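The values are calculated or read from the model by the stated rules, or taken from the named source; none is laboratory data. As the structure is a prediction and not an experimental result, all values here were calculated from the model. Heads up, the Cβs are rebuilt from the backbone with ideal geometry, glycines too, and the neighbour counts pull from every protein chain shown. The area values use the complete protein model at the heavy-atom level, side chains included, leaving out ligands, DNA and RNA. Shrake-Rupley method; radii C 1.70, N 1.55, O 1.52, S 1.80 Å.
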Amino acid sequence: MGNSAKYNKILDALQELMGSRDVQTISVSDIAHTAGIGKGSIYYYFPSKDAIVESLVERNYKQPIETAKSLARQTDIPPFTRMAMIFQACRQSSSHFLNRNISESPHSIQEKAYIHQKYVSHMISELKPALTEIIRQAAERGELHFDNPSALAEIVLIVLTVKLDNTLAPSTLDEIEDTLQGLVSLLEKGTENPAGSLNFLCSL
């Protein structure tokens, strides 16, 4: 078994256990037993259980992040269309991951919040460069007016990752729509875009 295969087997084991148990109750020994490997082998790949959780989140979002980086280079596609494609891919991956891998228990809200924190941190750090580049390209084309693409990318990602997954600060659908509409309105005014031009964010 190659190193990559064993690495993924550890992540598979944690993913399997999370389907029926709270992550806080899962030990490194449990993961090793489910993976069918020695506990010591796990520490060769991961310094802690928390690191295994982070790696599982990273693996789940690998495809949408690769999509984002690819879209950042596809200047033949309108910038706002590329943004919408990135956000939709991440939204779908997040919903699938949380619904499939988080056990239903009295602690499920805390469980999802814990996983969501890992998701937010990973997505912002990984997607920010690609989204910044798309915003910069939009500014060069005169489609968006903002002198700090990096700051704008971070603001958008923070709001979207928190509100669209709705686990860190649970809200009703109406409250989510109000927040996103407020973000859209601020972005349109701040970037000198016509009203309604960024409504694709609300459609997510």
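Remarks
- Considering (1) assigned to a helix (DSSP H, G or I); (2) within 22 Å of LEU198 (Cβ to Cβ); (3) open to solvent by 20 Å² or more (accessible area, probe 1.4 Å); (4) not polar (S, T, N, Q), the lone condition that GLU58 does not fulfil carries the number (2).
- Scope the range 109-135; condition open to solvent by less than 20 Å² (accessible area, probe 1.4 Å), modelled with pLDDT under 85 and either of a type outside the set (D, E, K, R) or more than 16 Å from LEU56 (Cβ to Cβ) (or both); matching residues: ILE115, HIS116, TYR119, MET123
- Checking each residue in the range 188-204 for being modelled with pLDDT under 80, open to solvent by less than 30 Å² (accessible area, probe 1.4 Å) and in a helix (DSSP H, G or I) picks out only LEU201.
- Residue in the range 136-147 that is most open to solvent (accessible area, probe 1.4 Å), counting only those that are free of Cβ contacts under 8 Å to residues at least 60 places away in the same chain and either closer than 17 Å to LEU198 by Cβ or in a helix (DSSP H, G or I) (or both): GLU140
- Matching entry among LEU157, LEU168 (being modelled with pLDDT of 85 or more, on the phi < 0 side of the Ramachandran plot and among the aliphatic types (A, V, I, L, M)): LEU157
- Any pair with Cβ under 8 angstrom, 6 or more apart, that starts in the range 20-34 at a residue that is under 13 Å from ALA51 (Cα atoms) and ends at one that is among the hydroxyl-bearing types (Ser, Thr, Tyr) and open to solvent by 50 Å² or more (accessible area, probe 1.4 Å): VAL23/TYR114; VAL28/TYR43
- Subset of the range 61-95 that is in contact with a Pro (Cβ under 6 Å, 6 or more places away or on another chain) and open to solvent by 20 Å² or more (accessible area, probe 1.4 Å) - its residue that is farthest from SER27 (Cα to Cα): ALA89
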